[in-house]
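J.: Provided herewith is a single structure, encoded as structure tokens, for subsequent inquiry.
The values are calculated or read from the model by the stated rules, or taken from the named source; none is laboratory data. Remember, it's a predicted structure, so these values are computed and weren't measured experimentally. Neighbour counts are summed over all protein chains in view; Cβ atoms, including those assigned to glycine, are modelled from backbone coordinates with ideal geometry. Side chains are part of the model used for accessible areas, which takes the heavy atoms of the whole protein and leaves out ligands, DNA and RNA. Shrake-Rupley method; radii C 1.70, N 1.55, O 1.52, S 1.80 Å.
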Amino acid sequence: MGLFDMFKKPAAPAKPEDIKVESVPANIYAPVSGEAMNMEDVPDPVFASGAMGKGIVIKPEQGIIYSPVDGEVTVTTGTLHALGIMGDNGVEILIHVGIDTVEMKGDGFTGFVGRGDTVKAGQALMTFDMDKIAKAGKEDHVIMVVTNTDDLPNVSPVSPQHINAGEVAVVVTQ
Amino acid sequence: MLELSCRVADPRGLHARTCVALASVAADFSCKATISFADATVSASDLMGLMALEAGSGDEVIVRCAGRDEAEAARAIRHVLASGMTGGRPTL
């Protein structure tokens with residue numbers, strides 16, 4: 001600890017520990033711990049309509065997003081609030097943290113992966129500051145959508161319940 | 001083939017909701033529609049591709065439509081981009 005430490009900006013959140021997940025191709029794992037709810041009940045008409053595909057919404061209890069599948073990061077946003085992942089199992093997943101959080105322009109979001117990165121289910125991908133989202137007047141629901149739902153025979157989210165990151169959230173058949 | 005330049009009007013840029021609106025609109029038409037920004041070109045019905053474009057507010061994107069209903073498709077796509085249509089919520 002030096003004399004000048006008080007002038008340093010607070011360090012960005014350190015990357016959290018990964019969660020160990022024994023992944024199978026048929027499963028998409030919860031990206032965050034919290035209360036899982038039906039997509040139709042999310043307080044946003046566009047996501048709730050299912051126009052983006054089937055998926056699940058989790059009201060988070062902590063601000064860490066873990067990879068829901070083994071795969072590759074296909075989309076990152078400068079505002080850091082959304083991630084796209086192409087699963088090795090052929091499932092295309094969009095994770096959208098919060099509603100209208102694009103307006104926060106990245107403040108409160110820290111990403112640990114970039115486009116093209118290979119990721120494993122349970123790997124810590126990003127953190128988000130739940131207090132900042134609340135102060136910005138935004139909802140912090142984590143929305144996970146299978147954007148290629150139409151290409152898959154069956155996409156079945158689990159029923160509303162408390163779920164921990166790394167537990168099965170959606171089952172798909174190819 | 002029709003090609004036109006459209007400005008992204010929504011102050012939030014080409015964000016998730018606008019991408020959904022675009023993808024839904026593009027799916028209504030039979031023609032092939034693409035959207036280009038910077039060096040990237042994606043199908044207008046590819047939700048993830050549209051998000052990956054990361055076009056910002058005020059950016060110009062190129063819309064190309066090729067097929068029987070290309071004129072209607074181009075008009076509809078341009079409307080989404082110009083009106084900041086967010087699929088149900090009023091824009092601020």
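J.: So, in the range A:10-26, exactly how many residues are under 15 Å from A:Ile163 (Cβ atoms) and more than 15 Å from the chain's Cα centre (by Cα)?
T.: The number of residues fulfilling the criteria is 1.
J.: Run down A:Val155, A:Val171, A:Val145 and say which single residue is open to solvent by 20 Å² or more (accessible area, probe 1.4 Å), among the hydrophobic types (A, V, I, L, M, F, W, C) and in a strand (DSSP E or B).
T.: Checking each option against the conditions leaves just A:Val171.
J.: Moving on to the next point. Looking only at the range A:144-162, which residues are out of contact with any Ser or Thr (no Cβ under 6 Å at 6 or more places or on another chain), over 16 Å from A:Ile95 (Cα atoms) and not hydroxyl-bearing (Ser, Thr, Tyr)?
T.: A:Asp150, A:Asp151, A:Leu152, A:Val158, A:Pro160, A:Gln161, A:His162, listed by residue number.
J.: Quick check: is even one residue across the range B:1-15 touching a helix residue (DSSP H, G or I) at 6+ places or on another chain (Cβ under 6 Å), open to solvent by 50 Å² or more (accessible area, probe 1.4 Å) and more than 14 Å from chain A (Cβ to nearest Cβ)?
T.: yes
J.: So which residues in the range A:14-61 are within 14 Å of chain B (Cβ to nearest Cβ), part of a strand (DSSP E or B) and over 15 Å from A:Val97 (Cβ atoms), if there are any at all?
T.: A:Lys54
J.: Starting from the range B:45-66, keep only residues that are away from chain A (no Cβ under 14 Å), then list their pairs with residues that are part of a helix (DSSP H, G or I) and open to solvent by 30 Å² or more (accessible area, probe 1.4 Å) whose Cβ atoms are within a distance under 8 Å, requiring at least 6 positions of separation or different chains.
T.: B:Val63/B:Arg78; B:Cys65/B:Ala71
J.: I'd like the residue in the range B:23-39 that is in a strand (DSSP E or B) and closer than 18 Å to B:Ala66 by Cβ and, out of all such residues, is most open to solvent (accessible area, probe 1.4 Å).
T.: Across the range B:23-39, the extreme among qualifying residues is B:Lys32.
J.: Suppose the filter is within 14 Å of chain A (Cβ to nearest Cβ), out of contact with any His (no Cβ under 7 Å at 6 or more places or on another chain) and polar (S, T, N, Q); does B:Ser83 pass it?
T.: Working: within 14 Å of chain A (Cβ to nearest Cβ): no; out of contact with any His (no Cβ under 7 Å at 6 or more places or on another chain): yes; polar (S, T, N, Q): yes.
In short, no.
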